[in-house]
Amino acid sequence: MNAIANNAVTLDRQGGVLVASVNNPPVNALSHAVRAGLVGAIDALEDDPSAQALVICCEGRTFIAGADLREFGAPMKSPLLGEVIARLDACAKPVIAAMHGTALGGGFEIALACSYRIAVRDARFGLPEVKLGLLPGSGGIVRLPRLIGVEAALAMISEGNQIGAQEALDKGLLDQIADGDLKAASIAFVRQIVESAKGVRRTSELPVPSFDPAHLSAKRTELARKFKGMNAPQIAVDLIEMMTTTPFAEAAEKEYAACKALIASPQSRALRHLFSAEREALKIEGIPADIAPRPVNHVAVVGPGTMGRGITTCFLMADLPVILVGRSDASLSKAQIAIAAMLDGNVKRGAISQTERDRKLAMLMLSTDYNGLGAVDLVVEAVSENIDTKKQVFRALEEALRPDAIIATNTSFLDIEELASSVSRPENVVGMHFFNPANIMKLLENVRGSRSAPDALATITALGKRLGKLPVMVGRSEGFVANRMLSKRTREAQFLLEEGATPWQVDKVLTGFGFPIGPFALADLAGMDIMAAARAARFARMTPREQRCNIVDKLVAAGRLGQKSGAGYYRYDAEGKRSPDPQVEQILADHGAEAGIVQRQITDEEILERCLYAMVNEAARILEEGAAARPGDIDVIWANGFGFPRHLGGPMFYAQEAGLPHVLEALEKYAGMVGEDYFKPAALITRLVSEGRGFYG
Ligand code: COA
């Protein structure tokens, strides 16, 4: 027999064993056709007296990776996942899940409802719904604790982390790890089950293992800290608590109802938006998806400073041999020690073994000249932010490199067009703007110049992914996207101090909103001398009010350099704990008087709106200029670069949810209060509001 359940699920027969193979690329998501095909397979098993068992496996790169997110938003067509799972649970013959790749979400719930589970050694398992503001709604919550215990299940469900096959076997989730061919191993396994008359084994009939109730309340506190402002992790604890005392069928109904409510919640909409935007951001606007990246097997980094060291570490972690070019042996050996320390950190975190660390470090070559760069495919230039210095490096590189090698600058605000013009092959020039610490931060702003070759752009996107980053392509723009928007928030935060807010009030409003740290606590970490130097560099291009707003200089003059000197916007005790400081209030009051500003009580709402909408307005200009391709790219940049709360979807999504007419009204109000120079609404916002549209169409 070689029956076809439907296009997405093929049914084969091996003796008395039916094998249902799901084939729904790219990740075998549970689309309607897959659900219907699985029901068809269960029908075939039940209707055929000679069929003894059913194996569910998948074609392609992975076992079922969850619900089909593209189907969310429209009414779901029967059979729903819950119906498939009820059929599996009720089935009188054994069904076996045979898993490879990642068995996630609804795919994992299917496996939990099967009698037996078998997987390849590198398979991974998880219930990642919480990361999308959702929770498993088709039995994950009521079944997983029965198999692996309440504490372990709560950890997986409330944080969405995956576990590997060995851990799954140890915890009792898997019955066997298949080291050879998965399908063959599954059929052999199932034959044994049939021969030994072990029959069906329903997870729903297992008792809930005993647990320590104190664990639930401890977990609640931990989750509130770890996932600040997010509802789903807390609801996960509620549901786990509920399932421990509620009969199975009733608990399953409650689980489903809770999940359904979450699907419609604003937090889930925001998180699902980011999930799609993060994948969309990898598609380069205007460049066909089939443009092949250039091969990258050997790289170089010029400049052994903080950024160069972090970038070199990223390359080594991705197993790319690196030549690090510096001006002196002394600076290079200092960099080598720092890079070794970063790799040691990765050993400590369990990311690599000591042997891997040694092998990676051996892939680093140091050089004080450009002579050995002939075999290099790509160079990241990470020398100091001075256009003349960078141009000199570019010219030296062009002489040393192959004609098709890519030169990527790590500049954070210099003009990529000017740099590209300094060499004869501008098509090879791009930007790769890493964020500090480069070996940790996920965001990578890749920069396209007007003459960058399409395959050079495809190369840096592919390379960014290979480095484990989230590469977002941006265009020419001072400070690109992240820092350009940040500078507007920084400006507004400074103005608010002049007008009567305190650093701790502003920080509290922004951390209350969900940012991990407020702008002033952050400035204290960076160091006031650094902030003052950045201000001096921009001084000539500032407005008169910005020039006058010299609170940073006054703090430096008072010896308040930030956390490192024990005082900045805050004062710090010996343990580095910060607290408000009346001396700062005095400096601010004196500053206000000197500037002729009558200071006032400022509401939290005004602080939040001015800080956020100043950024959103700038982002709208960035979109108008084409320096970002899509509003979702800006959301991805802020969620991954500067800790914008993910459950609010990023600044553009947040503004859209607040309503663009409301945003426009607020901008007009602040343009009147603070000045047209700062809050004149971007033409894009005015136009979208007049057309009754939003950022996303
Ligand atoms: N539904 C629909 N499409 C999905 C999907 C889902 N659940 N999961 C992934 N995809 C799509 C992606 O959008 C992407 O499409 P694109 O190439 O058109 O952009 C493609 O599948 C590949 O996904 P990607 O994440 O780029 O591949 P990966 O190999 O890095 O990771 C997974 C694969 C399965 C680990 C990852 O996609 C994932 O975690 N998916 C979500 C799982 C989940 O949350 N399930 C529960 C849903 S309630």
- Task: Can you give me the ranges of the helices (runs of 4 or more DSSP H) entirely in segment 335-444 with at least 3 residues that are within 19 Å of residue 311 (Cα to Cα)?
- Result: 354-361, 387-400
- Item | Condition check for residue 198: within 23 Å of the chain's Cα centre (by Cα) and either closer than 30 Å to residue 269 by Cα or away from the ligand (no atom under 16 Å from the Cβ) (or both) | no
- Of these, 306, 313, which one is at pLDDT below 95 and either over 30 Å from residue 132 (Cβ atoms) or within 16 Å of the ligand (Cβ to nearest atom) (or both)? 306
- Message: Looking at 236, 232, 270 in this structure, which one is outside the structural domain of residue 146 (by TED's automatic domain parsing), buried (at least 20 other Cβ atoms within 10 Å of the Cβ) and either within 16 Å of the ligand (Cβ to nearest atom) or of a type in the set (Val, Ile, Thr) (or both)?
- Response: 270
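This table checks each residue for (1) in a loop (DSSP other than H, G, I, E, B); (2) away from the ligand (no atom under 16 Å from the Cβ); (3) small (Gly, Ala, Ser); (4) closer than 20 Å to residue 12 by Cα.
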site	(1), (2), (3), (4)
40	no, yes, yes, yes
51	yes, yes, yes, yes
55	no, yes, no, yes
64	yes, no, no, yes
76	yes, no, no, no
79	yes, yes, no, no
82	no, no, yes, no
87	no, yes, no, yes
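Tell me which helices (runs of 4 or more DSSP H) are completely within segment 655-697 and hold 3 or more residues being acidic (Asp, Glu) and surrounded by fewer than 20 Cβ atoms within 10 Å (Cβ to Cβ), or say none if there are none. Full working, then the answer.
Values: elements: 660-673, 676-679, 683-690.
The helices (runs of 4 or more DSSP H) meeting that bar number zero.
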- Message: Filter segment 123-147 down to the residues that are surrounded by fewer than 23 Cβ atoms within 10 Å (Cβ to Cβ) and away from the ligand (no atom under 16 Å from the Cβ) and list them by number.
- Response: 146, 147
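Take the conditions closer than 27 Å to residue 176 by Cβ, charged (D, E, K, R) and either buried (at least 18 other Cβ atoms within 10 Å of the Cβ) or within 16 Å of the ligand (Cβ to nearest atom) (or both) and apply them to residue 70. Does it pass?
Numbers: closer than 27 Å to residue 176 by Cβ: no; charged (D, E, K, R): yes; either buried (at least 18 other Cβ atoms within 10 Å of the Cβ) or within 16 Å of the ligand (Cβ to nearest atom) (or both): yes.
When the stated conditions are applied, residue 70 does not pass them.
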- Out of 277, 300, which single residue is within 16 Å of the ligand (Cβ to nearest atom), in contact (Cβ under 8 Å) with a residue 24 or more places away in the chain and buried (at least 20 other Cβ atoms within 10 Å of the Cβ)? 277
- Message: So residue 605 passes all but one of these: (1) touching a Leu at 6+ places or on another chain (Cβ under 6 Å); (2) free of Cβ contacts under 8 Å to residues at least 12 places away in the same chain. Which condition number does it fail?
- Response: (1)
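So, in segment 609-654, how many residues would count as being in a loop (DSSP other than H, G, I, E, B) and crowded, with 24+ Cβ neighbours inside 10 Å?
Quick first cut of segment 609-654, residues in a loop (DSSP other than H, G, I, E, B) only: 626-627, 629-630, 642-645, 649-650.
Then keep just the ones that are crowded, with 24+ Cβ neighbours inside 10 Å; that gives 644, 649-650.
Qualifying residue count for the region: 3.
Could we say that residue 173 is more than 16 Å from the ligand (Cβ to nearest atom) and out of contact with any Lys or Arg (no Cβ under 6 Å at 6 or more places or on another chain) here? Lay out the reasoning, then the answer.
Working: more than 16 Å from the ligand (Cβ to nearest atom): yes; out of contact with any Lys or Arg (no Cβ under 6 Å at 6 or more places or on another chain): yes.
Yes.
Take the conditions out of contact with any Leu (no Cβ under 9 Å at 6 or more places or on another chain) and at pLDDT 95 or above and apply them to residue 40. Does it pass? Working first, answer last.
Working: out of contact with any Leu (no Cβ under 9 Å at 6 or more places or on another chain): no; at pLDDT 95 or above: yes.
No; evaluated as a whole, the condition is false for this residue.
Yes/no matrix, rows are residues, columns are (1) of a type outside the set (A, V, I, L, M); (2) touching a Gly at 6+ places or on another chain (Cβ under 9 Å):
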| position | (1), (2) |
| --- | --- |
| 216 | no, no |
| 231 | yes, yes |
| 239 | no, no |
| 252 | no, yes |
- Message: Looking at residue 574 and the list (1) part of a helix (DSSP H, G or I); (2) of a type in the set (A, V, I, L, M, F, W, C); (3) loosely packed, with under 15 Cβ neighbours inside 10 Å, which single condition is not satisfied?
- Response: (1)
- Query: Is there any pair linking a residue in segment 17-30 that is within 27 Å of residue 199 (Cβ to Cβ) and in contact (Cβ under 8 Å) with a residue 40 or more places away in the chain to one that is more than 9 Å from the ligand (Cβ to nearest atom) and acidic (Asp, Glu), with Cβ under 9 Å and at least six apart or on different chains, and which?
  - Reply: 19/12; 22/59
- Item | Flag if residue 522 is surrounded by 12 or more Cβ atoms within 10 Å (Cβ to Cβ), modelled with pLDDT under 95 and within 28 Å of residue 669 (Cβ to Cβ) | yes
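Name the residue, out of 97, 153, 119, that is over 23 Å from residue 38 (Cβ atoms), touching a helix residue (DSSP H, G or I) at 6+ places or on another chain (Cβ under 6 Å) and crowded, with 24+ Cβ neighbours inside 10 Å. Please lay out each step first, then the result.
Working: 97 fails: over 23 Å from residue 38 (Cβ atoms); 119 fails: over 23 Å from residue 38 (Cβ atoms).
None of the others qualify; the one that does is 153.
Filter segment 202-240 down to the residues that are of a type in the set (Asp, Glu), more than 30 Å from the chain's Cα centre (by Cα) and either closer than 30 Å to residue 86 by Cβ or in a helix (DSSP H, G or I) (or both) and list them by number.
Within segment 202-240, the subset of a type in the set (Asp, Glu) is 205, 212, 222, 238.
From what is left, the residues that are more than 30 Å from the chain's Cα centre (by Cα) are 205, 212.
Passing the criteria: only 205.
Looking at 447, 376, can you tell me which residue is touching a helix residue (DSSP H, G or I) at 6+ places or on another chain (Cβ under 6 Å), modelled with pLDDT of 95 or more and buried (at least 22 other Cβ atoms within 10 Å of the Cβ)?
Numbers: 376 fails: touching a helix residue (DSSP H, G or I) at 6+ places or on another chain (Cβ under 6 Å).
It is 447.
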- Looking at 327, 349, 357, which is the one that is in contact with a Leu (Cβ under 8 Å, 6 or more places away or on another chain), basic (Lys, Arg) and assigned by TED's automatic domain parsing to the domain that holds residue 380? 357
- Filtered residues of segment 306-330 (kept if among the hydrophobic types (A, V, I, L, M, F, W, C) and under 26 Å from the mean Cα position of the chain (by Cα)): 307, 311, 314, 315, 316, 317, 318, 320
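From the list 511, 459, 490, which residue is touching a residue at least 40 places away in the same chain (Cβ under 8 Å) and not aromatic (Phe, Trp, Tyr)? So that I can check it myself, show each step before the final result.
On the way: 511 fails: touching a residue at least 40 places away in the same chain (Cβ under 8 Å); 490 fails: touching a residue at least 40 places away in the same chain (Cβ under 8 Å).
Only one candidate passes the filter, namely 459.
If you take the residues of segment 32-58 that are in contact (Cβ under 8 Å) with a residue 60 or more places away in the chain and within 13 Å of residue 22 (Cβ to Cβ), which of them is farthest from the chain's Cα centre (by Cα)? Outline the logic, then answer.
Initially, segment 32-58 is screened for residues in contact (Cβ under 8 Å) with a residue 60 or more places away in the chain, giving 38, 52-53, 55, 57.
With within 13 Å of residue 22 (Cβ to Cβ) added as a condition, the list becomes 38, 55, 57.
On the way: 38: 33, 55: 35, 57: 30 Å.
Taking the candidates together, the pick is 55.
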- Query: So, of the residues in segment 255-291 that are in a loop (DSSP other than H, G, I, E, B) and within 25 Å of residue 75 (Cβ to Cβ), which turns out to be modelled with the highest pLDDT?
  - Reply: 265
- Query: Any idea which of 340, 362 is without any contact (Cβ under 8 Å) to a residue 24 or more places away in the chain and surrounded by 15 or more Cβ atoms within 10 Å (Cβ to Cβ)?
  - Reply: 340
- Query: So which of 120, 150, 95 ends up being away from the ligand (no atom under 16 Å from the Cβ) and closer than 30 Å to residue 195 by Cβ?
  - Reply: 95
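The values are calculated or read from the model by the stated rules, or taken from the named source; none is laboratory data. Quick caveat: nothing in here was measured; it's all calculated off a predicted structure. When we count neighbours, we look across all protein chains shown, and the Cβ atoms used for this are built from the backbone with ideal geometry, even at glycine.
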